[in-house]
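What follows is one structure encoded as structure tokens, with my remarks underneath.
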Amino acid sequence: MQSLASSPISRSAPLLVGSLRARLDAPARRPALRSLKPENVPLAPLNNEELLTLAAAWRTTRAAYGDQGADAVADALESLSAARSAPPPNRIRAVVNRLSDLMQLS
């Protein structure tokens, strides 16, 4: 009976993994490290005014096409803008202040 340690697959497995790792680590093989194409660059997040403008435009444009969900999407954008512009709750502010005091940041 032949043992698993002497099988050709188990002896060559580290070599296969090592060569695969070497191929994957080569800079020429990693497209993520190459310069990004303009269509792959992530967009910057919208600020509150842009969100409100988008909500109004969405509501008028999509409603003109008869979209039944236009108001729901516009309401969601407006609520997101309101949530971003609202000050943090007092509980969160208290925790941040306490952590700042403990870390002697203030």
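The values are calculated or read from the model by the stated rules, or taken from the named source; none is laboratory data. A quick note: this is a predicted structure, and the numbers were derived from the prediction, not measured. Note that each Cβ is placed from the backbone with ideal geometry, even for glycine, and that neighbours are counted across all protein chains shown. All accessible areas refer to the heavy atoms of the entire protein, side chains included, with ligands and DNA or RNA removed. Shrake-Rupley method; radii C 1.70, N 1.55, O 1.52, S 1.80 Å.
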Requested in this report: Hey, can you tell me all the residues within region 62-71 that are surrounded by fewer than 12 Cβ atoms within 10 Å (Cβ to Cβ) and part of a helix (DSSP H, G or I)?
Outcome: Ala64
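So which residues in region 59-82 are of a type in the set (A, V, I, L, M, F, W, C) and either farther than 23 Å from Pro45 by Cβ or over 26 Å from the mean Cα position of the chain (by Cα) (or both), if there are any at all? So that I can check it myself, show each step before the final result.
Applying the first criterion (of a type in the set (A, V, I, L, M, F, W, C)) to region 59-82 yields 63-64, 70, 72-74, 76-77, 80, 82.
Within region 59-82, Ala63, Ala64 qualify.
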Requested in this report: Determine, yes or no, whether Pro42 is modelled with pLDDT under 90, loosely packed, with under 10 Cβ neighbours inside 10 Å and either part of a helix (DSSP H, G or I) or of a type outside the set (Phe, Trp, Tyr) (or both).
Outcome: yes
Query raised in the report: Taking Leu99 and the conditions (1) assigned to a helix (DSSP H, G or I); (2) under 26 Å from the mean Cα position of the chain (by Cα), which numbered condition does it fall short on, given that it satisfies the others?
Result: (2)
Requested in this report: Filter region 76-106 down to residues that are under 30 Å from Arg59 (Cβ atoms) and modelled with pLDDT under 85 and give me whichever is least open to solvent (accessible area, probe 1.4 Å).
Outcome: Ala86
